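Structure first, then comments.
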Amino acid sequence: MPEQHQKEGAVEPYRIKVVEPIPLTTPQQREEALRRVSYNLFDLRADEVTIDLLSDSGTGAISAAQLSAGMNGDESYAGSRSFYRWHETVSELTGYPHLLPAHQGRAAERILFTSLLTPGSTVVSNTHFDTTRANVELVGCQARDIPCPEAKDLDSPHPFKGNIDLQALEQILQNQQESPVAAVVMTITNNGGGGQPVSMENLRRTADLCRRHSVPMILDAARFAENAWLVTRHEPGYQDRTPRQVAEEAFRLADGCIMSAKKDGIVHIGGFIGLKDPELAQKCERLLIATEGFATYGGLAGRDLDMMAQGLQEVTEPSYLAERADIAGHLAQRIRDAGVDIVEPAGLHALYLNAGRLLPHIPPHQYPGHSLACQLYLRGGIRSAELGSLYLGEEDEHGNPVKSAPYELVRLALPRRVYTRSHYDHVAQTLADIAKDPSSVHGYRITEQSPILRHFSIKLEPAKG
């Protein structure tokens, strides 16, 4: 990769054309809001949040070219011009002969897994994210994570901690008597594993293992471009490749993909399924038509398909990715300077705060990650997402912990082309204020929860004592 791309990252490769006011609230207003929603940050109104880092999904700013493409959207029910423009773009990127649009990633997951999986089988992954795991389990299958050993060291600078454990994968594939493996899902980048990338060598070796055992390898490609960028920066043999070239190679190693285009499609809604297998694609298409929409729109407006196509072209531009890496690196260093540890090395789409280390006085069953997320909101109007024992843990009917997460993290997801450095400086300063007296932060207890994806609708209260 030419050195000039790295230098260009210090200056945003765009200028701001439209602005939107952000809410500025008082501490008292934030306290009242958090109490009203039973301490569930998902239930806050957006106009009660100053800096919203809850998710990078569908929260980015579209470009003038995307808006222009949307104005040319063809809203014909079947066979619209928008579909064929979209199909050409996605076909050139992925190389898959069978492409189905869907309204977002979890719809693509549901359709593919319902069509591919049989109850009692297993899906293996470097790390399933929440909706992926839920859609596997809803079909009556087991979702099994085998991240690489390097992922266990949150402080290690190892560049590819998103890799799958190849030795463990080979053992699983060789011993399928009790629970056959229906698919291997490679999440790029590894969101549930701290936003860490997957190397091309790991992808290639995984594909070889899967092919040897006749198991399909599927990419969860929501952040394929950011993964490709990190490959060009850190993997030997890829420094002179463009992110687009790396992405094309990654897609062609796999048997198919599911994608939420709300991430690296830089759109507010949209996703797709890409497959090599014509029979599986036909099964998915039948279910898509019955539940999402006709095969040439998949639950999307024509304008959405056009904006997605344009976004998929923009997202692999080196100048865009260099700036995204630069601003993530800026925030990462400010957070380190504040005395707060993150999962290293810093990724692009999010930074993951080590809440367990910052708040060691809060036990896992009082959710230190959620406690830190609440403090970020109370002190700075910042909304974030816990990825710890609230997300992964389990308790018995009396509230006693049965299972805790291996790490207590808080994810700061960075929307694309939305916030400036001064916004992120505010985030870092808020964290610095919390880090001055972390013992003043208290834990929480659950008062009401759902049996599946509980973190979206959970209700809590401050823990006593």
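Shape call for region 33-163 from the C-alpha gyration tensor, a ≥ b ≥ c root eigenvalues: rounded (a/c under 1.5), prolate (a/b greater than b/c) or oblate?
On the way: a/c = 1.60, a/b = 1.15, b/c = 1.39.
It is oblate, given that a/c is not under 1.5 and a/b is not larger than b/c.
Over the chain, what is the relative contact order in percent, taking alpha-carbon pairs closer than 8 angstrom and at least six residues apart?
Working: 981 pairs, mean separation 105.3, N = 465.
Across the chain, relative contact order equals 23 percent.
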> When the chain is fully extended, how far beyond the present Cα-Cα distance does His361 get from Leu67, taking 0.36 nm per residue of separation?
Replying inline: 100.9 nm
> Sorted by packing (mean other beta-carbon atoms within 10 Å per residue), highest first, where do 308-314, 36-42, 403-409 land?
Replying inline: 308-314, 403-409, 36-42
> Rounded to the nearest 500 deg cm²/dmol, what is the calculated helix-only ellipticity per residue at 222 nm for the chain, with -39500 (n - 2.57) per DSSP H run of length n ≥ 4?
Replying inline: -12000 deg cm²/dmol
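How large is the translational diffusion coefficient of region 219-363 in µm² per second when you combine the Kirkwood radius over alpha carbon pairs with Stokes-Einstein at 10 °C and 1.306 mPa s?
Working: Rh = 17.5 Å.
Diffusion coefficient, whole number: 91 µm²/s.
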>> Which of rounded, prolate or oblate describes region 111-265 when judged by the alpha-carbon gyration tensor and an a/c cut-off of 1.5?
In response: prolate
> What is the spin-label model distance, in nm, from Lys283 to Glu32 if the labels are put 7 Å beyond Cα along the C-beta direction?
Replying inline: 5.5 nm
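If a/c stays under 1.5 just call it rounded; otherwise compare a/b with b/c (prolate if a/b is bigger, oblate if not). Do that for the chain, with a ≥ b ≥ c from the square roots of the Cα gyration tensor eigenvalues. Working shown, then result.
Details: a/c = 1.45, a/b = 1.23, b/c = 1.17.
Verdict is rounded for the chain.
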> With every protein chain present, what accessible area does Arg45 have (1.4 Å probe, heavy atoms only), rounded to the nearest 10 Å²?
Replying inline: 140 Å²
>> Looking only at the chain, where both bridge partners belong to it, what percent of the DSSP beta bridges are antiparallel (to the nearest 5)?
In response: 60 percent
>> Applying a 10 Å radius around every beta-carbon, put 84-90, 169-175, 184-190 in order of their mean neighbour count, most first.
In response: 184-190, 84-90, 169-175
> R0 = 30 Å: FRET efficiency of Glu75 with Val418, Cβ-based, nearest 0.05?
Replying inline: 0.60
> Once the piece of chain linking Arg45 and Glu150 is laid out straight, how much longer is it, given 0.36 nm per residue of separation minus the C-alpha distance between them?
Replying inline: 33.9 nm
> lysines near Lys17 by alpha-carbon distance under 27 Å, same-chain residues fewer than 8 away left out - which ones?
Replying inline: Lys7, Lys262, Lys263
>> From Cα pairs below 8 angstrom and at least 6 apart in sequence, can you work out the relative contact order of region 330-465, rounded to a whole percent?
In response: 28 percent
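Give me the number: length gained by fully extending Asn400 to Tyr14, i.e. 0.36 nm times residue separation minus the C-alpha to C-alpha distance, one decimal in nm. Kindly include the intermediate steps, with their values, before the conclusion.
Details: separation 386, 0.36 × 386 = 138.96 nm, distance 5.12 nm.
Additional length available on full extension: 133.8 nm.
Using a Förster radius of 30 Å, what is the FRET efficiency between Glu448 and Asp341 based on their Cβ-Cβ separation? Nearest 0.05, please. Before the final figure, lay out each step's value.
Numbers: r = 32 Å, r/R0 = 1.07.
With a Förster radius of 30 Å, E is 0.40.
The values are calculated or read from the model by the stated rules, or taken from the named source; none is laboratory data. All of these numbers come straight from a predicted model, not from anything done at the bench. Using ideal geometry, Cβ is built from the backbone for each residue, glycine included, and neighbour counts are taken over all protein chains shown. The accessibility values were calculated without ligands, DNA or RNA, using every heavy atom of the protein model including side chains. Shrake-Rupley method; radii C 1.70, N 1.55, O 1.52, S 1.80 Å.
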